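Enquirer: The structure is given below, and queries will be raised subsequently.
The values are calculated or read from the model by the stated rules, or taken from the named source; none is laboratory data. A quick note: this is a predicted structure, and the numbers were derived from the prediction, not measured. Methodologically, a virtual Cβ is constructed for each residue, glycine included, from the backbone with ideal geometry; neighbour enumeration extends over all protein chains shown.
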Amino acid sequence: MEDKMPVDEKIRKGKRFPKKGFTGKGKKFKPRPKVAPREEEAAPPEPPPPKKIVIPENVTVRELAQIMGISPIDVIKELMKNGVMANINQRLDRDTAVIVAEELGFIVEEPAPQPVEEAPPAPKTIRQLIYEGESPEKMVPRPPVVTVLGHVDHGKTTLLDAIRHTNVAAKEVGGITQRIGAYQVEVDGKKITFIDTPGHEAFTAMRARGAQVTDIAVLVVAADDGVMPQTLEAIDHARAAQVPIIVAINKIDKPEANVERVKRQLAEVGLVPEEWGGNTICVPISAKKGIGIDELLENILLVAELEGLKANPNRPAVGTVIEGKMDEKRGPVATVLVQNGTLRRGEIIVVDDMYGRVRAMFNERGEPIDEAPPSTPVLVMGLPEVPTPGLLFEVVMNEKEAKAIVEKRKAEKALPGPAPQTITLEALHRMMEAGEVKELNVILKADAYGSLEPIVSSLEKMSTEELRIKIIHKGTGNVSESDVMLAVASKGLVIGFNVDVDPAARALAENEKVEIRLYQVIYHLLEDMEKALKGLLEPEVKENILGHAQVRAIFRVAKGQVAGVYVLDGVVIRGARARIIRNGELVYDGKVASLRRFTEDVKEVRQGFECGVGLENFGDFQIGDIIEIYEVVKVT
């Protein structure tokens with residue numbers, strides 16, 4: 001009888017094992033592959049080595065995360081562990097960023113040193129050109145050239161009078177210097193050359209033309225008057241020229257004199273006296289009574305010695321024209337300052353695009369002389385025309401060489417020359433990127449001292465490593481010729497806040513291509529400067545003055561006031577921009593709302609006619625007000 005027990009049950013009870021390879025269904029099965037005996041667990045793979053990264057000086061949280069290839073959240077968490085709360089856009093200094101990266105397991109490497117690009121050589125100054133190529137062994141000490149600056153009536157000319165022992169002041173109209181002169185005095189066997197200028201305007205005008213004649217500036221401050229606005233201007237002009245300043249505190253003989261108060265005022269503007277730990281020499285003097293003059297001269301010689309002023313007397317002369325005039329008897333004459341070499345009678349000199357032979361030379365006392373060594377001022381006869389002050393002169397070997405130089409210069413003038421080297425805000429960003437400018441010189445004028453400080457503070461905070469904003473002069477009142485001349489000499493721009501521009505200054509600025517920007521809102525001023533630094537400034541706009549009218553009568557109407565005016569020059573146009581200038585101050589800036597001639601509305605009224613003018617949102621006219629009509633156009 002066949003056994004009915006299932007095969008698997010038989011296997012379980014050990015009664016029957018199937019034959020090898022038998023599946024129980026008449027089919028063979030493939031044996032399972034043999035499994036190797038189980039060994040000990042294999043060691044986990046070694047972690048990859050820490051990633052090396054380079055972190056720049058300033059980096060945001062987001063940028064640091066990108067460098068490490070992780071989430072910004074992980075960076076923020078690590079910062080929080082170290083007690084630093086930061087958002088994703090916050091900037092981290094390199095030290096903090098390095099600590100975070102190392103905590104997260106990264107190796108921070110020092111950035112590879114960047115190759116230093118050699119900046120293009122700076123253009124040579126006039127002084128460098130004058131002394132260029134001289135052998136040190138040929139150079140000998142020369143007298144210092146000193147310019148006397150200061151506020152009007154503080155005693156500049158009286159001081160020079162005391163030094164020269166000649167009564168120059170009495171010869172001047174009203175006791176005020178009317179012309180430029182140069183004089184030389186001798187002190188203990190050493191000479192000092194003084195340039196007597198009508199003020200810092202003339203001093204800067206010569207620098208604006210390229211002249212660099214002054215070695216030391218003597219600032220005269222009256223002990224009874226103290227530091228005045230013109231004193232501050234003189235300080236800024238001397239600083240812009242980068243010359244040492246010696247302060248002569250004059251009029252100490254007066255009962256109301258207060259030397260200590262003057263020193264405090266000087267210290268407040270950065271001229272800290274030596275006795276207070278600074279480096280400014282302050283000498284109390286009385287030019288009228290001759291007190292302290294010797295001490296002042298000794299200090300001038302001391303500063304000159306420290307400056308190491310030298311020249312080569314054994315070469316053809318080169319120097320600067322100090323002044324020129326047409327003499328009724330002598331013809332064209334020029335006062336020149338020899339800066340290097342020795343000028344001799346009979347030599348041929350070239351000034352700009354003209355030349356002539358030195359027929360005669362005279363010293364400051366009118367005595368004829370045959371030669372003038374370095375730092376000597378002389379009056380020269382022999383030029384065909386009156387030269388412009390500030391121009392260089394040079395001695396050449398013969399007339400043929402002189403003609404060649406003059407013809408070349410005339411040909412160069414006939415060609416279209418490069419644009420003047422003044423700076424506009426529009427060109428600023430481009431020049432920064434090209435590495436052409438590292439410092440922006442600004443002359444700042446405002447309506448009041450209270451407006452100056454916040455503007456100065458805000459502008460200085462805008463300075464960056466690429467560009468530093470330098471306020472070379474700040475003051476109150478309208479933009480003057482002196483401000484524009486300083487901008488020319490310093491290659492800067494003029495910014496005005498709630499002020500106007502004097503007509504003469506406007507004409508000079510247009511001629512010299514100096515940019516003047518006027519603002520009524522501080523925010524707009526700062527915004528424009530910030531945009532200029534970022535290269536986002538809108539195209540430059542320019543004011544065109546259309547005309548001026550004077551208020552001669554005032555009429556009340558239903559809507560306020562209308563001014564009866566006389567058009568002084570140009571034209572008054574309805575709808576044009578208009579500003580009111582009262583006693584030299586700006587009191588309104590808006591638009592011409594209405595314009596009537598007799599009983600008719602008109603579009604414009606020209607010079608020499610009378611009309612009625614109504615201004616938009618203004619009704620406070622005064623007799624004598626000047627209405628300036630202008631338009632604003634974009635410079636293309």
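Enquirer: Looking at the range 299-318, which of its residues are of a type in the set (Lys, Arg) and outside any strand (DSSP E or B)?
Expert: Taking the range 299-318 and keeping what is of a type in the set (Lys, Arg), we get 310, 315.
If the condition is that a residue be of a type in the set (Lys, Arg) and outside any strand (DSSP E or B), then Arg315 is the only one that fits.
Enquirer: Testing Leu533 on (1) modelled with pLDDT of 80 or more; (2) under 23 Å from Asp483 (Cβ atoms); (3) buried (at least 16 other Cβ atoms within 10 Å of the Cβ), one condition comes back false. Which one is that?
Expert: (1)
Enquirer: Which count do you get for residues in the range 462-486 that are in a helix (DSSP H, G or I) and touching an Asp or Glu at 6+ places or on another chain (Cβ under 8 Å)? Explain how you work it out, then say what you get.
Expert: Filtering the range 462-486 for residues in a helix (DSSP H, G or I) gives 481-486.
The next check asks that each one be touching an Asp or Glu at 6+ places or on another chain (Cβ under 8 Å); those that pass are 481-482, 484-486.
Within the range 462-486, residues that are in a helix (DSSP H, G or I) and touching an Asp or Glu at 6+ places or on another chain (Cβ under 8 Å) number 5.
Enquirer: Going by the structure shown, is Asp196 at pLDDT below 85 and of a type in the set (D, E, K, R)? Spell out how you get there, then give the answer.
Expert: Working: at pLDDT below 85: yes; of a type in the set (D, E, K, R): yes.
Spelling it out, Asp196 is indeed at pLDDT below 85 and of a type in the set (D, E, K, R).
Enquirer: I'm checking my understanding of the structure. Among residues of the range 132-172 that are modelled with pLDDT under 75 and either among the polar types (S, T, N, Q) or not assigned by TED's automatic domain parsing to the domain that holds Ile245 (or both), which one is surrounded by the fewest Cβ atoms within 10 Å (Cβ to Cβ)?
Expert: Gly133
Enquirer: Provide a single number: the residues in the range 601-622 that are over 13 Å from Val587 (Cα atoms) and among the aromatic types (Phe, Trp, Tyr).
Expert: Qualifying residue count, the range 601-622: 1.
Enquirer: Shifting gears a bit: Looking at Arg606, Arg596, Arg582, Arg577, which is the one that is of a type in the set (D, E, K, R) and more than 41 Å from the chain's Cα centre (by Cα)? Spell out how you get there, then give the answer.
Expert: Numbers: Arg606 fails: more than 41 Å from the chain's Cα centre (by Cα); Arg582 fails: more than 41 Å from the chain's Cα centre (by Cα); Arg577 fails: more than 41 Å from the chain's Cα centre (by Cα).
Within the list Arg606, Arg596, Arg582, Arg577, the selection yields Arg596.
Enquirer: Quick one: in the range 476-487, which of the residues that are more than 10 Å from the chain's Cα centre (by Cα) and touching a residue at least 60 places away in the same chain (Cβ under 8 Å) is surrounded by the most Cβ atoms within 10 Å (Cβ to Cβ)? Before you say what the answer is, go through the steps one by one.
Expert: We begin by selecting, within the range 476-487, every residue more than 10 Å from the chain's Cα centre (by Cα); these are 476-485.
Keeping just the survivors that are touching a residue at least 60 places away in the same chain (Cβ under 8 Å) gives 476-478, 481-482, 485.
Numbers: Thr476: 16, Gly477: 17, Asn478: 18, Glu481: 18, Ser482: 24, Met485: 27.
Applying the filter and picking the extreme gives Met485.
Enquirer: Tell me which of these His473 doesn't satisfy, since it passes every other one: (1) more than 28 Å from Gln212 (Cα to Cα); (2) surrounded by 18 or more Cβ atoms within 10 Å (Cβ to Cβ).
Expert: Looking at each condition in turn, His473 falls short on (1).
Enquirer: Shifting gears a bit: All but one of (1) part of a strand (DSSP E or B); (2) closer than 14 Å to Gly319 by Cα hold for Gly356, so report the exception by its number.
Expert: So Gly356 meets the others, but not (2).
Enquirer: I would also like to ask the following. Here are the criteria: (1) touching a residue at least 12 places away in the same chain (Cβ under 8 Å); (2) over 19 Å from Pro144 (Cα atoms). Tell me which single one Val272 does not satisfy.
Expert: (1)
Enquirer: While we're on this one: Which residue pairs have Cβ atoms under 9 Å apart, sit 6 or more places apart or on different chains, and have a first residue in the range 400-413 that is closer than 10 Å to Val350 by Cα and a second that is among the small types (Gly, Ala, Ser)?
Expert: From the range 400-413, the pairs are Ala402/Gly356.
Enquirer: Quick one: Lys329 ticks every box in (1) of a type in the set (Lys, Arg); (2) under 30 Å from Glu401 (Cβ atoms); (3) assigned to a loop (DSSP other than H, G, I, E, B) except a single one, so which number is it?
Expert: (2)
Enquirer: Out of Val338, Val321, Val243, which single residue is under 32 Å from the mean Cα position of the chain (by Cα) and either farther than 23 Å from Val213 by Cβ or assigned to a loop (DSSP other than H, G, I, E, B) (or both)?
Expert: Numbers: Val338 fails: either farther than 23 Å from Val213 by Cβ or assigned to a loop (DSSP other than H, G, I, E, B) (or both); Val321 fails: either farther than 23 Å from Val213 by Cβ or assigned to a loop (DSSP other than H, G, I, E, B) (or both).
After applying the criteria, what remains is Val243.
Enquirer: Select from the range 249-265 the residues that are in a loop (DSSP other than H, G, I, E, B) and out of contact with any helix residue (DSSP H, G or I) (no Cβ under 7 Å at 6 or more places or on another chain) and list them in ascending order. Full working, then the answer.
Expert: Filtering the range 249-265 down to residues in a loop (DSSP other than H, G, I, E, B) leaves 251-258.
Once the filter is applied, which keeps residues that are in a loop (DSSP other than H, G, I, E, B) and out of contact with any helix residue (DSSP H, G or I) (no Cβ under 7 Å at 6 or more places or on another chain), the range 249-265 yields Lys251, Asp253, Lys254, Pro255, Glu256, Ala257, Asn258.
Enquirer: Are any residues in the range 569-605 without any contact (Cβ under 8 Å) to a residue 40 or more places away in the chain and either among the small types (Gly, Ala, Ser) or closer than 23 Å to Asp502 by Cα (or both), and if so, which ones?
Expert: Asp569, Gly575, Asn583, Val587, Tyr588, Gly590, Lys591, Val592, Ala593, Ser594
Enquirer: In addition: Can Asp528 be described as assigned to a helix (DSSP H, G or I), crowded, with 21+ Cβ neighbours inside 10 Å and either touching a strand residue (DSSP E or B) at 6+ places or on another chain (Cβ under 9 Å) or at pLDDT 85 or above (or both)? Quick ask: steps written out before the conclusion?
Expert: Values: assigned to a helix (DSSP H, G or I): yes; crowded, with 21+ Cβ neighbours inside 10 Å: no; either touching a strand residue (DSSP E or B) at 6+ places or on another chain (Cβ under 9 Å) or at pLDDT 85 or above (or both): yes.
No; evaluated as a whole, the condition is false for this residue.
Enquirer: Now, a different point. Tell me, which residue of the range 291-346 that is touching a Ser or Thr at 6+ places or on another chain (Cβ under 9 Å), in contact (Cβ under 8 Å) with a residue 60 or more places away in the chain and of a type in the set (Val, Ile, Thr) is nearest to Lys254 (Cα to Cα)?
Expert: That would be Ile293.
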